Amino acid sequence: MSILDRLQAAQTKAEVLVQALPWIREFAGQTVVIKYGGNAMVNDELKQAFVHDVMFFHHVGLRPVIVHGGGPQINSMLGRLGIESEFRGGLRVTSPEAMDIVRMVLTGQVQRELVSLINRDAPYAVGMSGEDAGLLTATKRTTTIEGEEIDLGQVGDIHHVNPAGILELLDAGRIPVVSTIATDVEGDGILNVNADTAAAAIAGALGASKLLMLTDVEGLYLDWPNKDSLAPTVSAEQVRELLPSLDAGMKPKMEAALYAIDAGVEAAHIIDGRMAHSMLLEIFTDAGVGTLVTKDNE
């Protein structure tokens, strides 16, 4: 590379930093909850880009909290053990046998890997389960398909979030990494909670300014499969109108976005996690790479 090319590359980087400055000033000190999932958690290059984004957030003064799922890893382990996976209405049916595997994979594999990746740069990340310090309690969930109520086994809806443990970690300069296993409020063991839903509930309980949800699509399409209908911004009211028509993959994310907005979170972002550094692009530049869900009056 010539000296001129190097100078032009450096100038481009400087322009990006200048563009980010107003956003850094605005969000410094604010809590952001990130739902980590999809391709970003199975592709090594995207994993590393995700970690760099989280570290950038941390070092410019944001307070990131990571909430993760682990669908691909759970499916892989269940398959290796010969345990059948079943989904109803986009939700995993979780038998007691499968619940042991879910717990093992989420807290013993996915969380450990992410904590380790972050801590290679600096020892900030601390893993938590929803069971720890009473963070998450849940009630058993059912779903209705064609008028019939379906038992989902050990699957839960969030009943309560006790954010004290997370707040203590944030105040100590740590990055909490949360697995979405909840204690059954009825005292009947543990429940598997949808990670999108858990992230939204945690964001609300923390008074977070933003909920970021990584997914494997560009964002929300108003008229799928028309790709020209990708919505850079939608209001909560628009999302409520669209919910009945959304597919099983996008519906839980939009429900989570609404949950967060209703709980007082300023904005929810559905971000294409297949693009490296998509979180930085969405938050710190004018070039959005997903769909921003805002309050109705915005």
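Numbers at a glance
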read-out	value
Sorted peptide list for 271-284, 220-233, criterion being average Cβ within 10 angstrom, highest first	271-284, 220-233
Separation in nanometres of the label points that stand 7 Å from Cα toward Cβ, at ILE150 and LEU230	3.0
Gyration tensor verdict on region 111-212 (Cα atoms; rounded if a/c is under 1.5, prolate if a/b is larger than b/c, oblate otherwise)	prolate
Principal-axis tilt of helix 195-206 within the chain, Cα atoms, nearest 10 degrees	70
Degrees separating the helix 96-105 axis from the principal Cα axis of the chain, which is the longest one	20
Region 161-298: C-alpha gyration tensor shape, a/c 1.5 cut-off, then a/b vs b/c	prolate
Tensor-based shape of the chain (alpha-carbon gyration tensor, a/c under 1.5 rounded, otherwise prolate or oblate)	prolate
Relative contact order, percent, the chain [alpha-carbon distance under 8 Å, six or more residues apart]	21
FRET efficiency, 1/(1 + (r/R0)^6) with R0 35 Å, evaluated for ASN75 and ASP188 via beta carbons	0.90
Spin-label pair ARG240/GLU26, simplified geometry with 7 Å Cα→Cβ offset, distance in nm	2.5
Dipole moment magnitude, nearest 20 debye, the chain about Cα centre, only Lys, Arg, Asp, Glu C-beta charged	900
Farthest toward positive dipole pole in region 159-281 [+1 Lys/Arg, -1 Asp/Glu at C-beta], among ALA236, LEU280, LEU258	LEU280
Angle in degrees between helix 3-27 and the longest Cα principal axis of the chain, rounded to the nearest 10	50
Protection proxy ranking of 168-179, 63-74 - average other beta-carbon atoms within 10 Å, highest first	63-74, 168-179
Out-of-range pairs (alpha-carbon distance over 27 Å; input LYS47/LYS295; LYS140/LYS253; LYS140/LYS251)	LYS47/LYS295
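Computed from the coordinates by the stated procedures, all read-outs in this text should not be read as laboratory data. These numbers were taken from a predicted model, which means no experiment stands behind them. Positions of Cβ are generated from backbone atoms using ideal geometry, with glycine treated the same way; all protein chains shown enter the neighbour counts.
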